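Beneath this line is the structure, given in structure tokens, with notes to follow.
The values are calculated or read from the model by the stated rules, or taken from the named source; none is laboratory data. Remember, predicted model here, so these are calculated numbers, not experimental data. A quick note on method: Cβ atoms are made from the backbone with ideal geometry, for glycine too, and the neighbour counts reach across all protein chains shown.
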Amino acid sequence: MAVAQKPEIVRADWENQEFFEENKEPGHATYMPYASTEALKSDARFKQAWLTPERAEFLDLNGTWKFKMVPDTLDRPGQNDFYGDEADVTAWDDIDVPSCWEMKGYDKPMYINVEYAFYDNPPYVTNKVEGVGNNPVGSYRRDFTLPENWTDKRVFVHFEGIYSAAYVWVNGKYVGYTQGANNVAEFDLTDFVRTGKNNISVQVFRWSDGSYLEGQDMFHMSGIHRDVYLFATPKTFVRDHYITSTLDASADYQNGSMNVALSLDNRSKEAGTKTYEVELWDADGKLLASKSQSVTFAETDTEKNIDLAFDGLTGLHLWSAEIPYLYDVLVRQKNQDGQEESVFATKYGFRDIRITDGLVYVNGKRVFFKGVNTQDTHPLYGRSIDVPTMLKDIEMMKQSNNNTVRTSHYPRQAKMNAMFDYFGLYIMDEADVECHKNWNDFKENGISNDPTWRAQYIDRTVRMVYRDRNHPSVIFWSLGNESATGSNFTATYQATRALDPRPIHYEGCTYAWKTDQSDLHSKMYPDLNYVRTYANANNGNQPFFMCEYAHAMGNAVGNLKDFWDLIESSRFGIGGCIWDWVDQSIYDPQDIKNGTLEKNGFNYYRTGYDYPGPHQGNFVNNGLITADRAWTSKLTEVKHVYQYVKFLSFSEQDKVLKLQNKYNFLNLQVFNLKYTVLKDGHIVEEGTVEIPSVAPDAECSLTIPVKTDYKAGSEEYMIDFALCFKEATTWCEAGYPIADQQYALKERSNMLPAVTGLSETLEVKGESGGVLVSNRNITFQIGSDGFIREWTAKGVQMTGAGSKNPIYSNIRWIENESPYGEHQFGDRTAQNTSSRVSYGTNAELTECHITVRAENDKCPYDVEYTVYSNGVVDMKTTFRPKANGLRRIGMDMTLPGGFEQVAYYARGPWENYVDRQTGSFLGYYTTTVNDMFENYTHPQSMGNRMDLRSLTLENEAKKQKIHIQTAGQVSFSLSHYDQTQYLTPELHPWDLQASEDIYATFDYMQRGIGNGSCGPGTEPAYQCPSSGSYTYTLRFEAENEDEPTHVETVEGAFEDCSIYYDEATESVVCAGLPTESLSVSLYCPSGVCLSSKSSNGASQVSLSLQGHPKGSYIVVLRGAQGVRQHKLLKK
């Protein structure tokens, strides 16, 4: 194919919306050609299609390239010093491909959302950001050796993705031009390559007119960011294949037909006859059917199309996200002598998708799409996400009950689609189209309604459809994101519909109250009232879908259960995708070069406000998981709300549990039911119950053989249930818990027990409007301002530094309280306007009653202290809120440093809040104050635990403890960081200054966390009241090694053992173990067991955390004494 030489600098193709490709191959389905069936089936890629081929007609061009970046298009190198066949670039830098050049230290990454780095004057890309290149150009070059057996083949180069535009030369000759950063770009190199050594040169522009359509909410980076390779075919070859099937609903979709449409390319104009064979193989390697057809080409035939139909298929295994059964469709080309010329195989799943009566059905079942949005992001590699990270993401999605991914806002790499097929996820495949800024600026007069841009809109979408339409995981096409509506989307919708019948989504259509560009009623960030209304009636009675909701920025994901209660009970609701999956923090490229990836014990992550540009601060970090893929408490809540088993009821009288199977296709008999009985949070009984066959939507009743007598005594009893896989799957181990619930067997008493042991008397003195109470057991002094001046009991210092201890505080800040990155910090100080102190004693002088009545403008309060002569102190607090919009109804206290070891009976072991607690169960847990830290990219209020019953803090060095018991509704948190530190717009965890003292909060209520960082704030049901009175009691007692406690406490199992993370060895150490043999297990918060050992009587056991991200983990010690559950933080 003769191609004219490209002049060096004549026209700015990268600023011409009507010129976005030259000499590019048309879109087609993904395939990898092999020379023979034997080569195909012996390659590991045949089983796992994301693997790099080993025996294909394939040459990997990933690896080291020579590279030079210049800051402006006018400075870019040309023929003599770059792409000419004899050009010498040996002095240039080396760069890895794929990669983003900003992550290699060239120019700077920029986080941009609802903006451009250039002036909004399409198609021109005139830079407006200081500190970065005007329009940097990266020039890449490498050599390759053409395989000897390719000399008579057609050779193509395949680029998975290039940001944002690129020219390509081979051996000094111009090949072509491409835009569309996340679409495949292929060029025919047959007329350019030669035997032996060759060179390929690629010149990449950071910004192009295509960048107007790439305005997504992300770090913007540049370069050859996805895979590059060559592949070879016969001169006449199968250019495309499209597999479709029709399934018989009356046979439960298990019978039907399949058609394989082949597009045959004979651009070489070679006359002859080829035979095309298509075979259908099942997952066990059994040939089920085959078809063949001979095709004769005349010299004038440059292309032909044939269909090979398979009728009468019976007993088909269906593909779904729950049971992702894949067949192999093998396509073979033979020459006229019957010899194989080329073979490839495609994984195919039979499934039926249709919209019926306003709902989406897969294989005849109404499906709820429980999903996430996700980005290509990695803290080291930027946009160049690697295969292990892809697999990790998918594994965690499956483990957290996600069944849907919206590829926001661009198609994923083909190998990730292969993973979606294999592991089982429903995909909303989204085109690389977002012109949010242009929409904001020009509304209906923007480029979405400009016909000169139409071809580019259509091209990006249809290339995605051509490539991905054979994937069973793709359920929806999405035309793009936040780009208004307009004639270009109408044309794109029509072009997409012409290629494939799957449902088409575009939220911008719904935003404009139209239905002609979307088959779904799609809404971003609705509140519950919107869902309640439009999931039951909407324009066109379309399926109702929340394409983005539950904005997961920082401490987030409130009232998720409420969304799903409405969706699952609605007329048209089909689900939604949380925004989003993973934080997009990155390491600074210079820190990567220096190996400085940690600072002050934290990942040295950077966020939007660390780089130039019209950024939105930390709005780039909205993930359910951290940038390094650590599980979070947010994801635990998602896992619980998304679970596919309904726990209908448990009768503590009959010990009968009722379950309903809410899977569409999976029978509950693949699980065992594990139950655990807890006495005041301590595990006292465990067992397993076999689950019978329970078909989808069916219910069952299971008798639980609980032996514990939970009716006697005053203790609180709970029972936990978990459905665990009997056998391992592709994404979890055997025994993995996928659904759980907790029920109360017997509620706790609302009263604290009477204090005993009051044999001594107290001395009480009034001092300057305050009071001093003392004896040999206690010194307790309240000043005239109502604050504690001194408090020691049994030689234990009970409070830390600070002149306002305790005080009502409304200080709390989470990013959900700062919409769209605006820092609405709220109260910065806690302040009373007045206080009155009164006191009295009982007749025996064994109790002193002190009342502090404090006034302030938000929540006045009364504290009634009862100081007992044995050293016990009750603190009964009544709050009288009078302001709207309170974030807290509770007290701040400072506790003394050194009391690092924590044991508590509350909801846990991870943080939880009034509107995010369904996945957190009551239990007795241990941890440390340091390990209660939650690693948010912008530090914020964290660590709350609901429903506190008891709390013990221990100073191991001094052998002292502080015990706290509660009556009433109490939540708590402990931290070495004063919350006022968080009230800084640009902040990182490594900026924080830790205190020796412990900052404690004891709240009657905290406002729910809601979804207000982008979307609705806290729902009314989870708001703090603004009137009334609310009371709780905290009972404090000190303990040292010389004096026992008077408060009844039950120490947990193995609490004398020390559990800590050893940073030097990256391992968890359990020391001081008893001589009895213990099981020591290390878990991810998901429930995945990372490792387990028997102590065999050894005093110390270590479990490795090498290769695992920084975050929370659970250590479980199990032995004759019982079970200890300990949360620790890898730092």
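Being farther than 29 Å from D610 by Cβ, surrounded by fewer than 20 Cβ atoms within 10 Å (Cβ to Cβ) and aromatic (F, W, Y): is that true of F156 here?
So F156 passes the test.
Checking S995 against (1) within 29 Å of C1024 (Cα to Cα); (2) under 32 Å from the mean Cα position of the chain (by Cα); (3) not charged (D, E, K, R), which test does it fail?
Condition (1) is where S995 drops out.
Would you please name the residue that is surrounded by the fewest Cβ atoms within 10 Å (Cβ to Cβ), looking only at residues in the stretch 825-865 that are without any contact (Cβ under 8 Å) to a residue 24 or more places away in the chain and out of contact with any strand residue (DSSP E or B) (no Cβ under 7 Å at 6 or more places or on another chain)?
Looking at residues that are without any contact (Cβ under 8 Å) to a residue 24 or more places away in the chain and out of contact with any strand residue (DSSP E or B) (no Cβ under 7 Å at 6 or more places or on another chain), I get A843.
Rundown of residues vs (1) touching a Cys at 6+ places or on another chain (Cβ under 9 Å); (2) farther than 23 Å from G968 by Cβ; (3) part of a strand (DSSP E or B); (4) small (G, A, S), yes/no style:
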position	(1), (2), (3), (4)
F825	no, yes, no, no
T829	no, yes, no, no
A843	no, yes, no, yes
D862	no, no, yes, no
Y865	yes, no, yes, no
G871	no, no, no, yes
D874	no, no, yes, no
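Quick one: E1063 ticks every box in (1) surrounded by 16 or more Cβ atoms within 10 Å (Cβ to Cβ); (2) in contact (Cβ under 8 Å) with a residue 60 or more places away in the chain except a single one, so which number is it?
For E1063, the exception is condition (1).
Collect the residues in the stretch 1116-1131 that are free of Cβ contacts under 8 Å to residues at least 60 places away in the same chain and over 18 Å from S920 (Cβ atoms), keeping them in residue-number order.
R1118, A1120 - these are the residues of the stretch 1116-1131 that are free of Cβ contacts under 8 Å to residues at least 60 places away in the same chain and over 18 Å from S920 (Cβ atoms).
For L288, are the conditions met, namely being within 19 Å of Y348 (Cβ to Cβ), outside the structural domain of T729 (by TED's automatic domain parsing) and touching a His at 6+ places or on another chain (Cβ under 6 Å)?
no
Just the residues that are hydrophobic (A, V, I, L, M, F, W, C) and touching a Gly at 6+ places or on another chain (Cβ under 9 Å), please, taken from the stretch 954-996.
A957, V970, F972, L974, L983, W990
Filter the stretch 580-607 for residues that are small (G, A, S) and at pLDDT 95 or above and give the result.
S585, G595
Here is a list: D248, D191. Which entry is surrounded by fewer than 24 Cβ atoms within 10 Å (Cβ to Cβ), farther than 26 Å from N121 by Cα and in contact (Cβ under 8 Å) with a residue 40 or more places away in the chain?
Selected residue: D191, the only one of D248, D191 that is surrounded by fewer than 24 Cβ atoms within 10 Å (Cβ to Cβ), farther than 26 Å from N121 by Cα and in contact (Cβ under 8 Å) with a residue 40 or more places away in the chain.
Does D107 satisfy the criteria of being assigned to a strand (DSSP E or B) and under 27 Å from G608 (Cα atoms)?
Criteria not met by D107.
Anything in the stretch 627-644 that is closer than 20 Å to L1090 by Cα and not small (G, A, S)? List them, or say none.
Of everything in the stretch 627-644, those that are closer than 20 Å to L1090 by Cα and not small (G, A, S) turn out to be D628, R629, W631, T632, L635, T636, K639.
Do we find that E277 is more than 25 Å from N417 (Cα to Cα) and free of Cβ contacts under 8 Å to residues at least 40 places away in the same chain in this structure?
Judged against the criteria, E277 is not a match.
Could you list, in sequence order, the residues of the stretch 354-400 that are part of a loop (DSSP other than H, G, I, E, B) and closer than 28 Å to F219 by Cα?
T374, Q375, D376, T377, P379, L380, Y381, R383, S384, I385, D386, S400, listed by residue number.
The conditions are (1) of a type in the set (G, A, S); (2) surrounded by fewer than 21 Cβ atoms within 10 Å (Cβ to Cβ); (3) in contact with a strand residue (DSSP E or B) (Cβ under 7 Å, 6 or more places away or on another chain), and S693 fails exactly one of them. Which is it?
(3)
Residues being assigned to a loop (DSSP other than H, G, I, E, B), farther than 17 Å from F725 by Cβ and over 32 Å from the mean Cα position of the chain (by Cα): count how many of those fall in the stretch 656-700.
Counting residues in the stretch 656-700 that are assigned to a loop (DSSP other than H, G, I, E, B), farther than 17 Å from F725 by Cβ and over 32 Å from the mean Cα position of the chain (by Cα) gives 1.
Here is a check on your reading of the model: is L313 under 42 Å from the mean Cα position of the chain (by Cα) and within 25 Å of L666 (Cα to Cα)?
Yes: the conditions hold for L313.
Count, please, the residues in the stretch 303-340 that happen to be exposed (fewer than 13 other Cβ atoms within 10 Å of the Cβ) and assigned to a loop (DSSP other than H, G, I, E, B).
Going through the stretch 303-340 one residue at a time, the tally reaches 6.
Considering E760, E815, which residue is surrounded by 22 or more Cβ atoms within 10 Å (Cβ to Cβ), over 20 Å from H963 (Cα atoms) and among the acidic types (D, E)?
None of the others qualify; the one that does is E815.
Say whether the condition of being within 26 Å of T937 (Cβ to Cβ) and either surrounded by 24 or more Cβ atoms within 10 Å (Cβ to Cβ) or modelled with pLDDT of 95 or more (or both) is met by at least one residue in the stretch 509-524.
Within the stretch 509-524 (the criterion being within 26 Å of T937 (Cβ to Cβ) and either surrounded by 24 or more Cβ atoms within 10 Å (Cβ to Cβ) or modelled with pLDDT of 95 or more (or both)), the answer is yes, since at least one residue qualifies.
Where in the stretch 413-502 are there helices (runs of 4 or more DSSP H), lying fully within it, with 3 or more residues that are within 21 Å of the chain's Cα centre (by Cα) and in contact (Cβ under 8 Å) with a residue 12 or more places away in the chain?
The helices (runs of 4 or more DSSP H) meeting that bar are 414-423.
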